[in-house]
Every structure is written in structure tokens, then in C-alpha cells.
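See structure below.
The values are calculated or read from the model by the stated rules, or taken from the named source; none is laboratory data. Since the structure is predicted, the reported quantities are computational estimates derived from the model, not experimental observations. In this analysis, Cβ positions are derived from the backbone assuming ideal geometry, glycine residues included, and neighbour counts consider all displayed protein chains. Just so you know, the surface numbers come from the protein's heavy atoms only, side chains and all, with ligands and any DNA or RNA stripped out. Shrake-Rupley method; radii C 1.70, N 1.55, O 1.52, S 1.80 Å.
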Amino acid sequence: MDTDRQDLPPHADGRPRTGTREAAWRAALDRDGAAYTVHAHTPAHSVAERQALPFPWSRAVKTLAFTTADTPLLLVALRAVDRIDFARLAAAAGTSRSQLRATDAATLDAEGLVPGGIPPISHRSGVLCLIDATVIELEGPVFCGAGTADRTLQVEPAVLARLPRARVTELRR
């Protein structure tokens, strides 16, 4: 896995140069001109470890990854405290519940994504990111996956909603 390159000078705005796992989604935010921050911290894999991080749990966003017969990768973002309504997800994805599958680790790895660190940002054409409407209603920045278990992305919810291939819809139970 490629990690931050400490031997490279920072970007003009002071952000550090990053490894390939972050490059694609950072490029989407940079093209948008969005302000964002990536926080480095100790790796957090479990809910308890994530809740112990210095970010408000009430504004934590998780990103789940699914596949269907017609869609090799579908990103789904919702508040960390919420559960997904699979009937709503299937309807939003234009498929049936029986066609929804969690994306396997090998597919995520091939896409440059890591379980527990998936950002709610479509990193390439053909990858839709469905965002639950409650995420967009949050006031202030949200805190979400930034590519690895030891990074957290801080970004305004409106930024996520306006990115290419993002669609806001009702997804939570």
C-alpha cells in the first residue's frame, strides 16, 4: 500500500502530497475547489475506536460499498449512527434487494479503497455515490473515511452533494 510520500514537497496550499489511495478522491475535491482537511490519527477499525477519535460522533459519516449485476461499485454514505434501508437503497440504485451485494475486499483493493476508510466520493466515471439526505442536513463539517483506517476526511456536506456522480436520497431506516 502506498502511503504519504514524506520526501515530496507539499502542495502549493500546504497540504501534504499523498499516496495513490487518496489521489483519486482528492482530485475530485480539488477540481471542485472544495475546502477539506485530512486528519491523521491512530488506526481506528471498530466503532469504539472511531468513537474515541477527537471528531464529533454525531457528524461521523460511514461509506458502504455494494455491487449489483449491472453496477460493479456503488458507494452509499449515511451517518455513522444510522442503519441502511435496503429497500430504499435498491430503489435508488434501480435494482432489487436480491441483487445488492457487499463489495468484496479484492474489488475494493483493485479500486484503491480500504474497508473502514472509504470516502463518500466517486473516484471514477461509472461509480455512483448515493448520499442519505440526513448527511446533507447536518450543520458544520462531517467526518468520514479518507482512504485508510488512520485518516479522516473533514468536509462540508454540501460539497459531497455537489460532486460529480453524487446523488442525495432517503436511504436510512
Exercise for the section: Measure nothing fancy, just the Cα-based angle from helix 20-32's long axis to the longest principal axis of the chain, in degrees from 0 to 90, nearest 10. Expected result: 80 degrees
Fill in the blank from the handout: Given unit charges at Cβ for Lys, Arg (+) and Asp, Glu (-), the dipole magnitude of the range 82-162 about its Cα centre in debye, nearest 20, is 260 debye
Practice task
Mind running the shape call on the range 43-118? Use the C-alpha gyration tensor, a ≥ b ≥ c as the square roots of the eigenvalues: rounded below 1.5 for a/c, prolate if a/b tops b/c, oblate otherwise.
Solution key: oblate
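Pairs of alpha-carbon atoms within less than 8 angstrom and 6+ residues apart define the contacts here; what relative contact order does the range 44-173 have, in percent?
29 percent
Give, to the nearest whole percent, the P(r) tail of the range 110-173 beyond 13 angstrom, counting all Cα pairs.
Of the Cα pairs, 63 percent sit more than 13 Å apart.
Would you mind classifying the range 59-171 by shape? Square roots of the alpha carbon gyration tensor eigenvalues, ordered a ≥ b ≥ c; an a/c under 1.5 is rounded, otherwise it is prolate if a/b is larger than b/c and oblate if not.
It is oblate, given that a/c is not under 1.5 and a/b is not larger than b/c.
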Practice task
For ALA27 paired with THR169, estimate the spin-label separation in nm (one decimal), with each label point 7 Å from Cα along the Cα-to-Cβ line.
Solution key: 2.7 nm
Problem - Carbon and sulfur %, accessible surface of the chain computed with the full protein complex present, 1.4 Å - result: 52 percent
